[in-house]
Amino acid sequence: MKKFTMLLAGITGITLAHAQNEKKIDFSKDIQPVFRENCIKCHGPDKQKGKLRLDSKDAAFKGGEDGKVIEPGKADKSDLYRRITLEPTHDDFMPSKADPLTKTQIDLIRDWINQGAVWPEEAVVKVQVTPSPLERLVEIKPGASEQKAIEKLAGLGMAVRPIAMNINWKEANLGLQGTNVTDATLAVLKDVPTLVDLNLGGTRITDAGLAHLKALTNLITLHLENTKVTDAGLANLKGLLNLNYLNLYGTPVTDAGLDSIKGLTNLRHLYLWQTKVTDLAVTNLQKTSPKLDISKGWDLSSIVKKEEPKKEEPKKEEKK
């Protein structure tokens with residue numbers, strides 16, 4: 001009985017501690033700034049994408065053309081939460097014309113909804129224009145050398161395309177060509193300064209090849225996953241100050257490589273799954289770059305293997 005009482009007291013203590021540590025989300029302090037910086041441009045008084053407005057309580061709870069987007073007390077049933085947690089390439093992803101929300105911002109919205117989505121009547125979210133990574137770039141016109149480089153790459157079956165109609169900015173998904181892409185490819189690509197989105201995942205590029213990227217100062221998105229890029233190669237990225245997304249999944253990058261990342265002040269998304277970067281290095285980088293969302297994936301070594309239940313020994317027959 002004494003053991004049971006102690007166990008009950010322990011469980012009660014844990015429950016009370018959890019309740020005390022749970023942060024009460026304040027709309028004005030925690031949610032309103034997120035809506036103002038990321039949502040109102042497309043869902044405010046000037047523009048209502050999907051007939052949805054998020055600048056006032058009545059409008060937000062009314063929803064848009066697809067119905068309600070906020071279900072108080074049920075984040076998992078709220079379309080707003082669903083959309084901000086989708087992959088950025090998904091058609092329904094929000095915000096569609098801004099940086100994806102950070103994990104902290106997503107968690108705040110989730111907890112706010114789960115806590116009842118309390119929105120003071122007088123709280124109105126006013127428009128605050130925050131330029132997207134693309135809007136921060138100074139537009140340039142493609143030159144003859146760029147067109148020549150694009151044509152040469154096309155002859156190798158590697159397409160460099162505009163990111164949208166009537167826009168000079170380009171994208172190149174060279175990961176589709178796999179091992180056909182080498183450092184020689186990057187030597188040609190360096191003459192395409194309008195390139196903003198580059199995927200080199202799974203290619204045969206090396207640290208030496210990354211030196212060609214120094215000329216691509218307008219790069220916003222860079223995929224280097226599953227390549228042999230090391231810490232030495234990352235040193236070539238120091239001048240890419242417009243870089244917003246960097247994927248290093250499955251590379252031999254270590255803690256030392258993060259020194260080249262620290263100066264990229266516009267970097268918001270960094271993927272380090274299956275690298276040699278330690279948790280301590282990630283923590284230190286997060287302190288110097290609080291706006292950077294760092295994903296290290298699942299650490300399987302931290303998962304405790306459940307013990308197999310002990311087999312019961314057969315009972316001995318009592319002697320009669």
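The residues packed around LYS214, meaning those with a beta-carbon under 11 Å from its beta-carbon, carry a net charge of +2 if Lys and Arg are +1 and Asp and Glu are -1. With the charge dipole of the stretch 175-257 set up from +1 on Lys and Arg Cβ and -1 on Asp and Glu Cβ about the Cα centre, the Cα lying farthest toward the positive end among the listed residues GLY209, VAL253, ALA187 is that of ALA187.
What is the stretch 80-152 by shape, rounded, prolate or oblate, if you read a ≥ b ≥ c off the alpha carbon gyration tensor as root eigenvalues and call it rounded for a/c under 1.5, prolate for a/b larger than b/c, and oblate otherwise? Since a/c reaches 1.5 and a/b is larger than b/c, the shape of the stretch 80-152 is classed as prolate.
Go ahead and run the numbers for FRET between GLU151 and ASP183, Cβ-Cβ distance against an R0 of 25 Å, rounding to 0.05. Step by step, r from the Cβ atoms, then E = 0.80.
For the stretch 23-114, a crude dipole built from +1 on the beta carbon of Lys and Arg and -1 on the beta carbon of Asp and Glu, taken about the Cα centre, is about 220 debye to the nearest 20. How would the stretch 23-114 be classified by its alpha-carbon gyration tensor: rounded, prolate or oblate, with rounded meaning a/c under 1.5 and the a/b versus b/c comparison settling the rest? Rounded, because the longest to shortest axis ratio a/c is under 1.5. Counted over the stretch 127-285, the DSSP beta bridges are approximately 15% antiparallel. Taking every C-alpha pair closer than 8 Å and separated by at least 6 residues, the mean separation divided by the residue count of the stretch 157-205 gives a relative contact order of 41 percent. Each peptide among 39-49, 65-75 gets the average number of other Cβ atoms lying within 10 Å of its residues, and from highest to lowest they stand as 39-49, 65-75. Rounded to the nearest 20, the Cβ-based charge dipole of the stretch 144-299 about its Cα centre (Lys and Arg +1, Asp and Glu -1) stands at 200 debye. Measuring between their Cα centroids, the stretch 140-164 and the stretch 170-239 lie 15 Å from each other.
Which of rounded, prolate, oblate describes the stretch 144-299, given a ≥ b ≥ c as roots of the alpha-carbon gyration tensor eigenvalues and a/c under 1.5 marking rounded, otherwise prolate only if a/b is larger than b/c? Prolate.
Karplus-based coupling profile of the stretch 106-119, in residue order and whole Hz: 5, 5, 5, 5, 4, 5, 4, 5, 4, 8, x, 6, 5, 10, with θ = phi - 60° in 6.51 cos²θ - 1.76 cosθ + 1.60 and x standing for Gly or Pro.
Each value in this text was obtained by applying a stated rule to the coordinates, not by laboratory testing. This one's a predicted model, so the numbers in the text were calculated from it and none came from an experiment. Cβ: placed from backbone, ideal geometry, glycine included. Neighbour counts: every protein chain shown.
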